[in-house]
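The values are calculated or read from the model by the stated rules, or taken from the named source; none is laboratory data. Treat the numbers as computed from the prediction; the structure is a model and nothing was measured. Positions of Cβ are generated from backbone atoms using ideal geometry, with glycine treated the same way; all protein chains shown enter the neighbour counts. Side chains are part of the model used for accessible areas, which takes the heavy atoms of the whole protein and leaves out ligands, DNA and RNA. Shrake-Rupley method; radii C 1.70, N 1.55, O 1.52, S 1.80 Å.
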Amino acid sequence: MLNRVVTGAHYGLRDWLAQRITAVVMVLFTVFVAVYLLLQPTVGYDVWTGLFADDVVRSFALLFLLSLFYHAWIGVRDIVMDYVKPASVRLLIHVAVILALLLYVIWSVQILWGV
Amino acid sequence: MKFKIYRYNPDTDVSPYMQDYDLKFEAGDAMLLDALMMLREQDDSIGFRKSCREGVCGSDAMNINGRNGLACVTPLSTLKQPIEIRPLPGLPVIRDLIVDMSQFFKQYHSIKPYLVNNDPPPETERLQSPKDRAELDGLYECILCGCCTTSCPSFWWNPDKFVGPAGLLQAYRFIADTRDQATAERLDNLEDPYRLFRCHTIMNCVDVCPKELNPTEAIGKIKDMMVKRIV
């Protein structure tokens, strides 16, 4: 096969920006949960399930998890791009990571709306 | 004064090794390059590049006690002994402290380091306002010594794809130039997960630059412009 270095995928900015935006969402949710728990006199199972009984909190939690997965995808892909040299292996790992993250999304919805 | 110098001659050595040297020399305010030249009088087989010996040409970039720098502007008094000198990391060694800079310059050329202006040349210079000209301060001073790019892990992992801090600083030097007409093409050229976005802002480049320039800031400004044009 022709062995030329090819670049120019034109998607660097989108992911770089997404990584920053998802980070902000994660900080907001983390602060929200931390403040909520600190304000409770005692923290037990009922407080925890009570928090997630509200659909707004569930949606916020889902937004947090989606941000986490997208953020993780970009981070993992960056590592793979740096250290895995054969493009075919890279593609294989990319596909595996994407499929795993999609499963996590389904799993997250099940957990959040299942309890 | 004790030295440990990286030695490798591909014609005679199987692998590189570190050689110890002892130099009888009162350092005073002398620079590392002065000591290296005296060492070469002792042992004329030591290979290193040098030219202007005052931090302008960028020839004598090397790894000094684990940190990239120019031998000619590094005072001996600031260095802990034994002074360990190695070639710039991440580039093929030609001999001793001399590295093959081809990959570095290939990346530099890839950003089109020249003014692109399709207007007919004016009678005199293409003039800029002092304010526009001030935008180029901190960019044009780069001497392409390679200290920053060869201290960047992203360049070590992807030297063929990541432009590197020196190249990106120069890319911004032309993006920031009001006389240049190829801004969109220049941004297109860098809108790539490898060419620009391998930079993870660890700022090794800023730490080692002998001219105290800030490639990280320039890279940030390129990203800002890319964001500005999509929103």
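Selection among A:V24, A:A61, A:G50 by position relative to the dipole of region A:12-113 gives A:V24 as farthest towards the positive end (Cβ unit charges, Cα centre). About its Cα centre, the dipole of the protein assembly as shown is roughly 660 debye, where the only charges are +1 on Lys and Arg Cβ and -1 on Asp and Glu Cβ.
Of the residues making up region B:127-175, those losing 10 Å² or more of accessible area when the isolated chain is joined by the remaining protein chains, with a 1.4 Å probe, are B:W157, B:N158, B:D160, B:K161. Among the chymotrypsin sites (Phe, Trp or Tyr not before Pro) in region B:80-154, those located in a DSSP loop and surrounded by at most 11 other Cβ atoms within 10 Å of their own Cβ are B:Y114. Here the sum of -39500 (n - 2.57) over DSSP H runs of 4 or more residues, divided by the residues of the protein assembly as shown, equals -15000 deg cm²/dmol at 222 nm, to the nearest 500.
Summarising the amide proton neighbourhood of B:Q19: residues at separation of 5 or more, or on other chains, whose placed amide H is nearer than 5 Å comprise B:I5, B:Y6, B:R7. For chain B, with all protein chains in place and a probe radius of 1.4 Å, 51% of the accessible heavy-atom surface sits on carbon or sulfur.
Panel note: contact residues of region B:195-209 (accessible area lowered by at least 20 Å² against the chain on its own; 1.4 Å probe) correspond to B:R195, B:F197, B:R198, B:H200. Distance between the modelled labels on A:I111 and B:T178, one decimal in nanometres: 5.5 nm (7 Å Cα→Cβ projection). Compared with the dominant principal axis of the Cα atoms in chain A, helix A:55-83 is inclined by about 30°. Helix B:32-42 and the longest principal axis of the Cα set of chain B meet at an angle near 40°.
Using a 1.4 Å probe over protein heavy atoms, the accessible area lost on pairing B with A, summed over both chains, comes to approximately 1700 Å². With R₀ set to 56 Å, the beta-carbon distance separating B:E212 from A:A53 gives a calculated FRET efficiency near 0.45.
Assuming 0.36 nm per residue, please report the length gained on full extension of the stretch A:Y45 to A:H10 beyond their Cα-Cα distance. Roughly 7.9 nm would be gained on extension. From Cα pairs below 8 angstrom and at least 6 apart in sequence, can you work out the relative contact order of region B:79-231, rounded to a whole percent? After rounding, I find 26 percent. The charge dipole of region B:20-110, taken about its Cα centre with unit charges on the Cβ atoms of Lys, Arg (+1), Asp and Glu (-1) only, comes to about 420 debye.
Once the C-beta distance of B:L115 and A:M26 is scaled by a Förster radius of 45 Å, the resulting FRET efficiency is 0.55 to the nearest 0.05.
Working note: Karplus 6.51/-1.76/1.60 with θ = phi - 60° gives region B:151-160 the couplings 9, 9, x, 4, 6, 4, 6, 10, x, 7 Hz, where Gly and Pro are set to x. Rolling a 1.4 Å probe across the protein heavy atoms gives the protein assembly as shown an accessible surface of 55 Å² per residue. Karplus-derived 3J(HN,Hα) values for region B:105-118, using 6.51 cos²θ - 1.76 cosθ + 1.60 with θ = phi - 60°, are 6, 4, 5, 4, 5, 5, 9, 6, x, 8, 6, 9, 8, 8 Hz; glycine and proline are entered as x.
Other protein chain C-beta atoms within 10 Å of residue C-beta, averaged over A:3-10: 5. Remark: spin-label model distance B:W157-B:Q128 equals 3.4 nm, labels positioned 7 Å along the Cα→Cβ axis. The contact residues of region A:45-88, meaning those that lose at least 50 Å² of 1.4 Å-probe accessible area when all protein chains sit together rather than their chain alone, are A:M81, A:D82.
Computed from the Cβ-Cβ distance with R0 of 45 Å, the FRET efficiency linking B:M37 to A:V84 stands at 0.50. Residue by residue, region B:77-93 carries 3J(HN,Hα) couplings of 5, 8, 9, 7, 9, x, 6, 9, 10, 10, x, 4, x, x, 10, x, 8 Hz when phi is fed to the Karplus relation 6.51 cos²θ - 1.76 cosθ + 1.60 (θ = phi - 60°); x denotes Gly or Pro. The charge dipole of region B:77-182, taken about its Cα centre with unit charges on the Cβ atoms of Lys, Arg (+1), Asp and Glu (-1) only, comes to about 340 debye. Cysteine residues of chain B whose Cβ has no partner cysteine Cβ closer than 4.7 Å: B:C72, B:C142, B:C145, B:C147, B:C152, B:C199, B:C209.
Inter-chain neighbour count for B:43-56: the average number of beta-carbon atoms from partner chains within 10 Å of each residue's beta-carbon is 0. Projecting the Cα positions of B:I83, B:L136, B:P120 onto the charge dipole of region B:74-144 (unit charges on Cβ atoms of Lys, Arg, Asp and Glu, taken about the Cα centre) puts B:I83 furthest along the positive direction.
Taking the longest Cα principal axis of chain B as reference, the axis of helix B:215-230 is set at about 20 degrees. With the cut-off at 31 Å, tell me which of the pairs B:K80/B:K221; B:K106/B:K221; B:K2/B:K161; B:K2/B:K50 have Cα atoms farther apart than that. Over 31 Å apart, Cα to Cα: B:K80/B:K221; B:K2/B:K161. Positive-end ranking of B:F162, B:G28, B:V99 along the dipole of chain B, with charges on Cβ about the Cα centre, is headed by B:F162. Dividing the mean sequence gap of close Cα pairs (under 8 Å, 6+ apart) by how many residues chain A holds gives a relative contact order of 33 percent.
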